[in-house]
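Novice: Take this structure, written in structure tokens, and hold onto it; I'll ask about it next.
The values are calculated or read from the model by the stated rules, or taken from the named source; none is laboratory data. Remember, predicted model here, so these are calculated numbers, not experimental data. Every residue, glycine as well, gets a Cβ built from its backbone with ideal geometry; the counts of neighbours run over all protein chains shown.
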Amino acid sequence: MCGGLDLPAKLQVQDKSVSQETFTIAQCASCGMQFTNPRPAAGHIGRYYESAAYVSHNSAAQGLVNRVYRVARFFTMRRKVALITELNGGRVGRLLDYGCGTGHFLAQAKSSGWQVTGLEPNPGARQDAATRVGQPILETSELATLPPASFDIVTLWHVLEHVHTLHETLTQLVAALKPGGRLLIAVPNPDSLDAQHYRQDWAAYDVPRHLYHFVPATMRRLLAGHGLRITQTLPLVLDAYYVSMLSEQLRGPGQSAGPLGVLRAGLRSNQYAAQHGGQYSSLLYVAERATG
Ligand SMILES: [Zn+2]
């Protein structure tokens, strides 16, 4: 992020869900940015997504975790659309969702009256989203071809941590925003209590698919470098439970605390966050162009 070269290792994390390989999470000594180092090149990372359980790319994924995920998704999609409408002064407008996955959020926004544009790199997910939303979904490379200053709201729901070309993509997303428009970025928070509790088994490290592990200070610095100011940081309270559930699975049957452990870990994480400066399991940053 800052070009610093002093990059000590912070944690070793195994990719237990796909490759079984171990990756280092490094933390820049000058700016504090945490990132997966080294990371697979953009041209080679595709095989790390080859899991039937990778739920955001596969609507048909089975199992209890995925059932719970879908029930939670049903409720959260409506709340997300209500939020963007509120941020847009109570009006619908033009929405760009970067990394739209299988398109559930876009479909909900469209049915609420938003004019939507979706971008998604995964061909299967893109096709699924196109069917669900009822319009073509663009490849992510088409971001550069979108008309500038044309969107009221740009969203990235658990996407920025996957993006190889971080600065280039942010520059293009900021260019796509109308004056006064808002950029919404949801990412996991490795300073949350559930991250500290599960450590190397914290599911939201998700190496090597997650290239960066943002905390509030590094997100603020990153966005400031792109002329953006964070106006709100909102909690995603369900993520504490979802991530704890996945983390218990990663621990394996011998060490898992079971469903009660999941509920306890999720609840404790949200309570801790409420008392300690909002360090929730996942955070939603709302940003606008800084003025002056
Ligand atoms: Zn740095």
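Novice: Identify all residues within the stretch 1-32 that are within 12 Å of the ligand (Cβ to nearest atom), among the hydrophobic types (A, V, I, L, M, F, W, C) and in contact with a strand residue (DSSP E or B) (Cβ under 7 Å, 6 or more places away or on another chain); write none if there are none. Show your work before the answer.
Specialist: We begin by selecting, within the stretch 1-32, every residue within 12 Å of the ligand (Cβ to nearest atom); these are 1-8, 26-32.
When the remaining residues are screened for being among the hydrophobic types (A, V, I, L, M, F, W, C), the result is 1-2, 5, 7, 26, 28-29, 31.
Once the filter is applied, which keeps residues that are within 12 Å of the ligand (Cβ to nearest atom), among the hydrophobic types (A, V, I, L, M, F, W, C) and in contact with a strand residue (DSSP E or B) (Cβ under 7 Å, 6 or more places away or on another chain), the stretch 1-32 yields Leu7, Ala26.
Novice: Could I ask something else about it? Test of understanding: among Thr145, Thr169, which residue is crowded, with 19+ Cβ neighbours inside 10 Å and at pLDDT 95 or above?
Specialist: Going through Thr145, Thr169 in turn, just one is crowded, with 19+ Cβ neighbours inside 10 Å and at pLDDT 95 or above: Thr169.
Novice: Cβ contacts < 7 Å: first residue in a helix (DSSP H, G or I), restricted to the stretch 167-181; second residue of a type in the set (S, T, N, Q), any location; separation 6+ or different chain. Result?
Specialist: Within 7 Å, the pairs are Ala176/Ser150.
Novice: Same structure, new question: Would you pick out the residues in the stretch 132-153 that are within 18 Å of Arg289 (Cβ to Cβ) and assigned to a strand (DSSP E or B)?
Specialist: Within the stretch 132-153, Phe151, Asp152, Ile153 meet the criteria.
Novice: Ok, one more. Would you check if Leu222 is in contact with a Phe, Trp or Tyr (Cβ under 9 Å, 6 or more places away or on another chain), in contact (Cβ under 8 Å) with a residue 40 or more places away in the chain and not in a helix (DSSP H, G or I)?
Specialist: Spelling it out, it is not the case that Leu222 is in contact with a Phe, Trp or Tyr (Cβ under 9 Å, 6 or more places away or on another chain), in contact (Cβ under 8 Å) with a residue 40 or more places away in the chain and not in a helix (DSSP H, G or I).
Novice: Hey, another quick one. Checking Arg94 against (1) over 18 Å from the mean Cα position of the chain (by Cα); (2) at pLDDT 95 or above; (3) within 16 Å of the ligand (Cβ to nearest atom); (4) under 25 Å from Val154 (Cβ atoms), which test does it fail?
Specialist: (3)
Novice: On to the next question. Is it true that Ser282 is within 25 Å of Ile45 (Cβ to Cβ), polar (S, T, N, Q) and in contact with a strand residue (DSSP E or B) (Cβ under 6 Å, 6 or more places away or on another chain)?
Specialist: Values: within 25 Å of Ile45 (Cβ to Cβ): yes; polar (S, T, N, Q): yes; in contact with a strand residue (DSSP E or B) (Cβ under 6 Å, 6 or more places away or on another chain): yes.
For Ser282, the condition - within 25 Å of Ile45 (Cβ to Cβ), polar (S, T, N, Q) and in contact with a strand residue (DSSP E or B) (Cβ under 6 Å, 6 or more places away or on another chain) - is met.
Novice: Kindly list, by first and then second residue, each pair from a residue in the stretch 15-36 that is touching a residue at least 12 places away in the same chain (Cβ under 8 Å) to a residue that is basic (Lys, Arg) and within 14 Å of the ligand (Cβ to nearest atom), limited to pairs with Cβ atoms under 7 Å and residues at least 6 apart or on different chains.
Specialist: Sorted first by the residue in the stretch 15-36, then by its partner, the pairs are Ile25/Lys10; Ala26/Lys10; Gln27/Lys10; Cys31/Arg221; Gln34/Lys10.
Novice: Scan (1) farther than 23 Å from His104 by Cα; (2) outside any loop (DSSP other than H, G, I, E, B); (3) not polar (S, T, N, Q) for the single condition His164 breaks and write down its number.
Specialist: (2)
Novice: Only one of Gly278, Gly266 is outside any loop (DSSP other than H, G, I, E, B) and under 22 Å from Phe214 (Cα atoms); which?
Specialist: Of the residues listed, the single one that is outside any loop (DSSP other than H, G, I, E, B) and under 22 Å from Phe214 (Cα atoms) is Gly266.
Novice: Let me ask you something else. What is the one condition in (1) in a strand (DSSP E or B); (2) more than 15 Å from the chain's Cα centre (by Cα) that Val286 does not satisfy?
Specialist: Among (1) in a strand (DSSP E or B); (2) more than 15 Å from the chain's Cα centre (by Cα), the lone unmet condition for Val286 is (2).
Novice: Among Leu193, Leu160, which is in contact (Cβ under 8 Å) with a residue 24 or more places away in the chain, more than 30 Å from Ala290 (Cα to Cα), among the hydrophobic types (A, V, I, L, M, F, W, C) and buried (at least 19 other Cβ atoms within 10 Å of the Cβ)?
Specialist: Leu193
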